[in-house]
Amino acid sequence: MKKHIFNIASFMMLLTLGVGLSSCSDSYLEEVNTDDSKAETIDPNAQLTTALLQTYGDFSLMDTYRSYITGFTQYYAGGWNVSNYAGAVYPKDSEMAYPWNRYYQVGIKNLVDAIYHTEDMPNTNAALRIHRAYMMAVLSDIYGDIPCTEAGMSYIDGNATPKYDTQEEVYDFIFSELKACAEQLGTGTDVISGDVTSLGSDPEAWKRYANTLRLRYAMRISDVAPERARSEFESALNADGGIISSADEDAYIKYIDVPFTLYDGAADLDFRANALSEMIYGQDPTSPSFVSSTLFDYMKKMHDPRLYRICRCYIHTTRSQTDTSGNYDVTDEVLAWGERGGEGIVPCNVGDAWWSDWVSAPANSDIPTLDSLVNLYPDRGYDQNNYNARMIRPTIAVAFCNADCPGILITSAEVEFLLAEAASKGWNVPGDAESHYEAGIRASMQVLNNYYDIVSKISDEEIDEYIAENPLGDNPRESINTQAWILHLTNPSEGWANLRRSDYPALADRTLLPVRGDFPHEDPNLQTPVRLRYPLLEGRYNSVNYEEAVDRLGGTDDWHARVWWDVNEQNFMDIEKFSESIE
């Protein structure tokens, strides 16, 4: 890179040289301001890599997942972020805006530019368009009506104020794109070299993935447009290339084992690590992600063998901040203390805070590992600052917090649940609802066995017992989507979307739970919101289109207003009574 520094005196000297130098000044300045280390064009496959990795690798946008999405799904409760925002039903613009700002500014901008420059690269072009459709679905499912067909075009056609397509139009676009891309894949010889997914740059695998996404989005609209949904579902099921049908065909983004970089990594567009894993791990020993009583109690009630593979109790006091080392697992000791008459494991309800919704901590001697650590290292505070009380709150197992955890796109487990629900609706699919439901449970268990370093593998015998105890029953929609909800723990945006679409499982009714005085309150309606609000800056910089979208919501940017495909009210239950009913 050429480096040239000019001060005002030397610049004035150049001016005094007059006409004799003026004829060459433009070409000279063009030369000296050219950065030889920078390419004039960007490799579209590099742009694909960036957009794919950003999906789960952008720590900034995962703030919204931690603060709202994992709370509205009631996967987590008790940590500061999730309780201060989702638990308190507190809308803060900066926390809600990350997916919108980051996807449009980075992923979608790169994808649209690369799509424009790959007309002669049909396989790469199709992969880029498929991931754009995926990102648009995520954004629309979170916010509702969004810029879609005109988004990211400002560098191409100068349009910096894209219209907000209605969600129905967004889904029309998604179906059209996925179908067209599946047909286009394999028509060229170009290599999808920017692929960092399990699809391995294989056009046939990308075709199968596109068809499978159509199943997901067809089911999403099954309440609002049942005939269209059935047609799209059956068409995708029978499309050339097939669908994902086994674990070795699962679609996920590959991340690598690197030190956590947190917000610095996001600022540098360093998306190599799974930032969702980083985020749920927490930024310091006081902020792990505590599992909500809703998730914990559902799994406990159903005698789910995943319960203590997902939920663990740790002494976090001196853990590492760049990886998942330094956590002392005391789950079995806390369970044993409970069996001896102690409180045992106590999950947090929605809106709770682990540090002030009190539980009776065990004596040091009740937890041998704690007792040993206190005796060996009395100055490290293992039993100070209520850390021993926090220890009996279940957190997400560190197996789900590693930098190289996969970023789940769609799995054969989800496909089986989609087929099960389609069969229960009478759609034309092979097999019956019960067989697909059972296959979905088996595949869900294998997701944990295959992709996460859980404390022990789930055995076939455990799975058989679980299926026998939790049959499909007379409400297939509830049974299937309760299982899908558990499956989507590591894909929270899909978990939230499918939860709102299916209205199962019943969530804890937030209005029946205490309101804490030390968290902010702005919304008088404490029921769990069903969308996120648009960024406030949209009202300034894209005001006409923003106001049209808000008008379609009823005149206010109401996060209790259901999106187009969300037809029915969510089911709620009294979590205290539910917890008391568990054997």
*Determine the distance separating the Cα centre of the range 529-555 from the Cα centre of the range 310-383; give it in Å without decimals.*
44 Å
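From largest accessible area down, sort Leu499, Leu553; use a 1.4 Å probe on the protein chains.
Leu553, Leu499
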*Please give the FRET efficiency for Glu204 paired with Thr149, using the beta carbon to beta carbon distance and R0 = 22 Å, rounded to the nearest 0.05.*
0.20
*Express the relative contact order of the range 236-299 as a whole percentage, based on alpha carbon pairs under 8 Å and six or more residues apart in sequence.*
19 percent
*Round to a whole angstrom and tell me the spacing of the C-alpha centers of the range 385-412 and the range 208-252.*
30 Å
*Calculate, for Ala468 and Asp404, the FRET efficiency according to 1/(1 + (r/R0)^6) with r their C-beta to C-beta distance and R0 41 Å; round to the nearest 0.05.*
0.70
*Note the angle between two axes, namely the Cα long axis of helix 433-451 and the longest principal axis of the Cα atoms of the chain, as a number of degrees from 0 to 90, rounded to the nearest 10.*
70 degrees
_Pairwise label distance in nanometres, Ile42 with Thr286, each label 7 Å out on the Cα-Cβ vector_ = 3.9 nm
*Given 0.36 nm per residue, what is the gain on full extension from Arg552 to Ser231 after removing their alpha carbon distance, in nm?*
112.8 nm
*Probe 1.4 Å, all protein chains in place: accessible area of Asp474 in Å², nearest 10?*
150 Å²
*Take every DSSP beta bridge with both residues inside the chain and express the antiparallel ones as a percent of the total, to the nearest 5.*
75 percent
*Cut-off under 5 Å, modelled amide H: who pairs with Leu409 long-range*: Ala251, Tyr252, Ile253
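Using 1/(1 + (r/R0)^6) with R0 = 22 angstrom and r between the beta carbons of Leu269 and Asp172, what's the FRET efficiency to the nearest 0.05?
According to the calculation, E is roughly 0.10.
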*Which residues' amide hydrogens lie under 5 Å from the amide hydrogen of Met573, considering only partners 5 or more residues apart or on another chain, with H built in the peptide plane?*
Leu507, Ala508, Asp509
*Compute the semi-axes of the equivalent ellipsoid of the range 353-507, taking the square root of 5 times each eigenvalue of the Cα gyration tensor, and list them largest first in whole Å.*
39, 17, 15
*Calculate, for the chain, the solvent-accessible area per residue in square angstrom, rolling a 1.4 angstrom probe over the heavy atoms of the protein chains.*
40 Å²
*Above-threshold pairs, the threshold being 32 Å between Cα atoms, out of Lys207/Lys300; Lys301/Lys425; Lys179/Lys425; Lys109/Lys457; Lys179/Lys300; Lys92/Lys301*: Lys207/Lys300; Lys109/Lys457; Lys179/Lys300; Lys92/Lys301
*Measure nothing fancy, just the Cα-based angle from helix 476-487's long axis to the longest principal axis of the chain, in degrees from 0 to 90, nearest 10.*
70 degrees
*How far is helix 19-32 tilted off the main Cα axis of the chain, in degrees rounded to 10, range 0 to 90?*
30 degrees
_Residue-wise HN-Hα coupling along the range 212-223, computed from phi with Karplus coefficients 6.51, -1.76, 1.60 (Hz; x: Gly, Pro)_ = 5, 4, 4, 4, 4, 6, 5, 5, 4, 9, 5, 8
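Can you tell me the order of 559-566, 397-404 when each peptide is scored by its average per-residue count of other Cβ atoms within 10 angstrom, highest first?
Sorting 559-566, 397-404 by mean packing, highest first, produces 397-404, 559-566.
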*Would you mind counting up the charge near Arg562? Only other residues with Cβ under 9 Å from its Cβ, with Lys and Arg at +1 and Asp and Glu at -1.*
0
*Read phi for every residue in the range 324-330 and hand back ³J(HN,Hα) as whole Hz from Karplus 6.51 cos²θ - 1.76 cosθ + 1.60, θ = phi - 60°, with x for Gly and Pro.*
9, 7, x, 9, 9, 7, 10
*With N set to the residue count of the range 75-190, report its C-alpha Rg divided by 2.2 N^0.38 Å to two decimal places.*
1.26
*asked:* Order 427-435, 121-129 from most to least packed using the mean count of other Cβ atoms within 10 Å.
replied: 121-129, 427-435
*asked:* Just to be sure I understand, if you calculate P(r) over Cα pairs in 10 Å bins from 0, in percent for this structure, which of [x] 3, 16, 25, 25, 18, 10, 3, 0; [y] 3, 16, 26, 26, 15, 8, 4, 2, 1, 0; [z] 3, 16, 27, 29, 19, 6, 1, 0 do you get?
replied: [y]
*Normalised contact order of the range 212-342, rounded percent, pairs of Cα under 8 Å and 6 or more residues apart*: 14 percent
*Taking Cα pairs under 8 Å and at least six residues apart, what relative contact order does the chain come out at, in percent?*
19 percent
*Projected label distance in nm at Ala336 and Thr189, using a 7 Å step from Cα toward the beta-carbon*: 6.7 nm
*Would you please put 177-186, 371-380, 314-323 in order of how densely packed they are, using the mean number of other Cβ atoms within 10 angstrom per residue and starting with the highest?*
177-186, 314-323, 371-380
*Would you mind computing, in nm to one decimal, how far apart the modelled labels at Asp93 and Arg562 are, each placed 7 Å from Cα along Cα→Cβ?*
3.0 nm
_Once ligands and nucleic acids are excluded and a 1.4 Å probe is used, how much of Tyr387 is accessible, expressed in Å² to the nearest 10?_
40 Å²
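The values are calculated or read from the model by the stated rules, or taken from the named source; none is laboratory data. Just so you know, these numbers come straight off a predicted model, no measurement behind them. As a convention, Cβ positions derive from the backbone with ideal geometry for all residues, glycine included, and neighbour counts pool all protein chains shown. Keep in mind that these areas ignore ligands, DNA and RNA; they rest on the heavy atoms of the full protein, side chains included. Shrake-Rupley method; radii C 1.70, N 1.55, O 1.52, S 1.80 Å.
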